[in-house]
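Notes for the one structure printed next.
The values are calculated or read from the model by the stated rules, or taken from the named source; none is laboratory data. In this text, all values refer to a predicted model and were calculated from it rather than measured experimentally. Positions of Cβ are generated from backbone atoms using ideal geometry, with glycine treated the same way; all protein chains shown enter the neighbour counts. Only protein heavy atoms, including side chains, enter the accessible area calculation; ligands, DNA and RNA are left aside. Shrake-Rupley method; radii C 1.70, N 1.55, O 1.52, S 1.80 Å.
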Protein chains: 4
Amino acid sequence: MTFASPLSMFDIAGKSALVIGATGSFGSAGARALARMGCDLTLADMDAGKLETLADDLGGNAGMIETICAIPDSEASATRIVDAAVQAHGGLDIVFIATGLNDVGFIEDQPYEKWSAVMRANLDGYWLACQAAGCHFADRPPDRGRAKVVVVSSTHGRHGLPAGYTAYCASKSGLDGMVRALACEWGANINAIGPTVFRSPLSEWMYSDEDPGKSTREGMLERVPLGRLSETDDLIGGLVYLLSPASDFVTGQTLYIDGGYTAD
Amino acid sequence: MTFASPLSMFDIAGKSALVIGATGSFGSAGARALARMGCDLTLADMDAGKLETLADDLGGNAGMIETICAIPDSEASATRIVDAAVQAHGGLDIVFIATGLNDVGFIEDQPYEKWSAVMRANLDGYWLACQAAGCHFADRPPDRGRAKVVVVSSTHGRHGLPAGYTAYCASKSGLDGMVRALACEWGANINAIGPTVFRSPLSEWMYSDEDPGKSTREGMLERVPLGRLSETDDLIGGLVYLLSPASDFVTGQTLYIDGGYTAD
Amino acid sequence: MTFASPLSMFDIAGKSALVIGATGSFGSAGARALARMGCDLTLADMDAGKLETLADDLGGNAGMIETICAIPDSEASATRIVDAAVQAHGGLDIVFIATGLNDVGFIEDQPYEKWSAVMRANLDGYWLACQAAGCHFADRPPDRGRAKVVVVSSTHGRHGLPAGYTAYCASKSGLDGMVRALACEWGANINAIGPTVFRSPLSEWMYSDEDPGKSTREGMLERVPLGRLSETDDLIGGLVYLLSPASDFVTGQTLYIDGGYTAD
Amino acid sequence: MTFASPLSMFDIAGKSALVIGATGSFGSAGARALARMGCDLTLADMDAGKLETLADDLGGNAGMIETICAIPDSEASATRIVDAAVQAHGGLDIVFIATGLNDVGFIEDQPYEKWSAVMRANLDGYWLACQAAGCHFADRPPDRGRAKVVVVSSTHGRHGLPAGYTAYCASKSGLDGMVRALACEWGANINAIGPTVFRSPLSEWMYSDEDPGKSTREGMLERVPLGRLSETDDLIGGLVYLLSPASDFVTGQTLYIDGGYTAD
């Protein structure tokens, strides 16, 4: 084995890591994990106040933390985000994209603008971020080790339920396809994590002991062999695996961290 | 068996069938098949001249043929297309959506507008057409039998190659997800057909006995167990199956008609 | 189009068709469909009495009907079955394998013999039948058109529930893999049909208006977008499609006829 | 986060780990990794001499090493193996099953015994080992943390090529199905790793700079986006992830570590 200890394969200390959508639930949990592992962080998101709060909160652990108040909603903003990371930390090794939007509605009732907004946030934005990252990776010194990209997909990329999720399902399934395409085109490491429901301000009601949360949760858990909904902590191990040298031979995959939902 | 003969399960004579993207290779082959089976046709596409030529060509076989010079690039145009079919033939039973666009380019070289154009044509347009069809289906008399929607996906929805197909792969994978979502939301029959390369003006060069067509084809055929590229005729049997009562219990699927490419 | 009418692509009149597991629910429904379409039939199964009853019942429709009291549980019996079809009808064009066994039990409680029995019936037997058919196909005159093999898989090949189905799930998933492998190895047409629950003597209780059938069904239907359990008639359209020239470019696939279960 | 550092999620020091098929290439690489991480090991395989050599080789790193000269080819032997681990180390936390057999042959040329031997080694043996482990897990004290099972599947579980791999493809696809079924039945963590070709005495020829290894490898690499064949080291990161608390919410999955083969 070329690694002194298997644990060292997961070591990403000193890497320059960019988290896009950093103030969301998975984004901030991922940023916290990367900070604790000693990455130099660049945090990108739309809300300057939340970014500052997050950066302050992580400050004690991380190497250096840069923030940039932007999301990849155009080629210019995506480039700005990547440039911020490169300039702040002298390069870029890790990109974790965790932006996301859902807008529930039956197709007949959903204005085209709402479908489009979901597709732009969940698919176009990821493409723009990957484009900007790819432009940087093309000139990246090989002695920095392999670059890693991880995006946030969903079990909804593979399962069409529930009613009202047409845009969300299409965007996540499309993202899985984009990951496969970039894996092939780049010959580099890009993978997706596919969670089911995890705790966030939006899903907090499903963790309640009272209805409608309780009954909704119990209905959903009939399809979750491990018998519980997810916490963001559940996603961190897979994120670290896919962002570290431990997964150097993995690409184009969607890793479901879903309590067995997709197997049931 | 409730059918006098199994063949009668495939009978769609007298159905009102709308073909969107009717002048393309798969679209026109599908329209011809539906005409021969006695459907009342509505043909939608962008080029009025080609539409007329096609309608004339099919005229001897079909019941009645309506044409509408439009593609589903907005809610208004999608509604116009569906309305044209409903008004021309007193209802709508079958929707076959076969529009499509590809724009090959490495992600770093591809302007966002080109990615967006592919996504709009291959995903947004399908969603708009389904929205308009769904609005009509909501009030459709049940005694017309089950409505059927078939869309054109691709093996590229499941496989990320070749380089330069990021937009195409994402759009087709996204379309598969949209089909699953609408199957669940509607509780109705919507399915995709997933071809590999089939003969069209764009692919004709790959059928040549001379390079680069010959060597490109031979390289590709190493992954096609049935040992040849496809003709549009190969796709008609699956189309008729998925548009007829023979498939009344099938929904949310992508049927690969690919010579075994996805199995290899 | 090389076919005068698309319906003629589904025509299999005069074909020599072998149904293995002919007296089961799907087997006999398939045999009836093939008889009505004018195939020369060979019916194989274990129970001579049931075979005779079935042959008598179908006699008015079919060309000629041969019966053979055997299932493919050894190379010798598989060869005997195929030889019976070849000799009775001067060749063999269609093989439909619909044998099957389930034995429900938690893995800790299930004797190895019971696991083995399921695997032998659902996987080894199919392999043996394909081996015998393949030996015949190797010398088959090409002017008979393409030979077709269809096997019966299940949604359980893709979904691991319910508890107690370990053997069944493994056997059906293994069968899907065997189909892909033979598609590649043969370069010929072999496909699977993946039903969910369909009406049979074993499942009849689930169609009851009284518990436990009613509540079991209602629980299951939460995952079936089309909102009902299946009848064998639902499977016939797909069977005819996959056994006829209409699917000449389809191989290595599992076609789910499941009311949308796998999409949900 | 409940973990002080994300790296500690991958910590498995002190766990009682059983490796079945320990002297094979992936088995011994996995055993070495587990030894270095401080597991108490039980090594099971058929060749006593190789087992001793491996145990000696690992001795400096591991806690305690037990060997048992057996493979799970019957309920009795599977129980003996699990009992050996439980008794040697006072319990069992981790089971890694890496036995395997291939026997290449066209189906028409392959005696049933050879098909059966592959199925017994690659599927029955895994089932027997899981049965024995499951019986132990049923009484396992919950304060030991979650038990973990990882099995070795293959890209051949999803892809049917090359010719001659019918048994291997069916066995690995069946294993994926067994993993999904046990994930659902147990509500516990069982997952598969799906490698493509990795270096072993059997595959060493494909790593040669001379033909036929060179040309075979180059042909294969056309479908591997990361552009190389695999080393057993490539598989260790995923193995550690799936055997450690880092993957506590992952079950029923097949993790492809394949250089992007399944995405291409």
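Figures for the structure shown
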read-out	value
Criterion violated by C:Arg140 - all others in (1) farther than 21 Å from D:Trp186 by Cα; (2) in contact with a strand residue (DSSP E or B) (Cβ under 6 Å, 6 or more places away or on another chain) satisfied	(2)
Top-ranked residue of region A:230-239 - restricted to ones that are open to solvent by 10 Å² or more (accessible area, probe 1.4 Å) and without any contact (Cβ under 8 Å) to a residue 40 or more places away in the chain, ranked as farthest from the other protein chains (Cβ to nearest Cβ)	A:Glu231
Of all residues making up region A:120-136, the number that are of a type in the set (A, V, I, L, M, F, W, C), at the interface with another protein chain (Cβ under 7 Å from one of its Cβ atoms) and open to solvent by 10 Å² or more (accessible area, probe 1.4 Å)	1
Whichever residue in region B:8-25 is within 10 Å of chain C (Cβ to nearest Cβ) and crowded, with 21+ Cβ neighbours inside 10 Å and, among such residues, is farthest from the chain's Cα centre (by Cα)	B:Met9
Some residue of region C:79-99 being modelled with pLDDT under 95 and touching a helix residue (DSSP H, G or I) at 6+ places or on another chain (Cβ under 7 Å)	no
Check on A:Gly177, touching a Pro at 6+ places or on another chain (Cβ under 9 Å), assigned to a helix (DSSP H, G or I) and under 29 Å from A:Ala132 (Cβ atoms)	no
A:Gly237 vs. criteria under 25 Å from A:Ala98 (Cα atoms), in a helix (DSSP H, G or I) and either among the small types (Gly, Ala, Ser) or modelled with pLDDT under 95 (or both)	yes
A:Lys114 touching an Asp or Glu at 6+ places or on another chain (Cβ under 8 Å), open to solvent by 60 Å² or more (accessible area, probe 1.4 Å) and farther than 24 Å from A:Tyr241 by Cβ	yes
Selection from region D:240-261 of residues that are buried (at least 24 other Cβ atoms within 10 Å of the Cβ) and assigned to a helix (DSSP H, G or I)	D:Val240, D:Tyr241, D:Leu242, D:Leu243, D:Ala246, D:Ser247, D:Tyr261
Failed criterion for D:Trp205 (all others in (1) without any contact (Cβ under 8 Å) to a residue 24 or more places away in the chain; (2) among the aromatic types (Phe, Trp, Tyr); (3) crowded, with 24+ Cβ neighbours inside 10 Å; (4) more than 7 Å from every other protein chain (Cβ to nearest Cβ) hold)	(3)
Residues within region B:64-109 that are open to solvent by 60 Å² or more (accessible area, probe 1.4 Å), farther than 17 Å from B:Gly24 by Cα and within 14 Å of chain A (Cβ to nearest Cβ), tallied	6
Enumeration of residues in region C:26-62 that are assigned to a loop (DSSP other than H, G, I, E, B), under 23 Å from C:Ser244 (Cβ atoms) and open to solvent by 50 Å² or more (accessible area, probe 1.4 Å)	C:Gly60, C:Asn61
When residues of region C:143-152 are limited to those that are within 14 Å of C:Gly187 (Cα to Cα) and outside any loop (DSSP other than H, G, I, E, B), the one nearest to the chain's Cα centre (by Cα)	C:Val149
In region A:158-200, the residues that are of a type in the set (A, V, I, L, M), open to solvent by 20 Å² or more (accessible area, probe 1.4 Å) and more than 7 Å from chain B (Cβ to nearest Cβ)	A:Ala188, A:Val197
Within region C:221-251, tally of residues that are acidic (Asp, Glu) and under 13 Å from the mean Cα position of the chain (by Cα)	0
Residues (over 18 Å from D:Gly174 (Cα atoms) and aliphatic (A, V, I, L, M)) located in region C:130-157	C:Ala132, C:Ala133, C:Ala138, C:Ala147, C:Val149, C:Val150
Residue in region B:209-217 that is surrounded by 17 or more Cβ atoms within 10 Å (Cβ to Cβ) and either out of contact with any Lys or Arg (no Cβ under 7 Å at 6 or more places or on another chain) or more than 7 Å from every other protein chain (Cβ to nearest Cβ) (or both) present	yes
Pairs, first within 18 Å of C:Lys172 (Cα to Cα) and facing chain B (nearest Cβ under 7 Å) in region C:241-258, second part of a helix (DSSP H, G or I) and open to solvent by 10 Å² or more (accessible area, probe 1.4 Å), C-beta under 8 Å, six or more apart	C:Gly252/C:Arg180; C:Gly252/C:Cys184; C:Ile257/C:Asp234
Count of residues meeting criterion [in contact (Cβ under 8 Å) with a residue 60 or more places away in the chain and under 26 Å from D:Tyr112 (Cα atoms)] in region C:134-165	6
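So that you can scan it fast, the table gives a plain yes or no per residue for (1) of a type in the set (Gly, Ala, Ser); (2) outside the structural domain of C:Cys130 (by TED's automatic domain parsing); (3) out of contact with any Leu (no Cβ under 6 Å at 6 or more places or on another chain):
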| residue | (1), (2), (3) |
| --- | --- |
| C:Pro6 | no, yes, yes |
| C:Val19 | no, no, no |
| C:Gly30 | yes, no, no |
| C:Arg36 | no, no, yes |
| C:Thr42 | no, no, no |
| C:Gly49 | yes, no, yes |
| C:Ile65 | no, no, no |
| C:Ala70 | yes, no, yes |
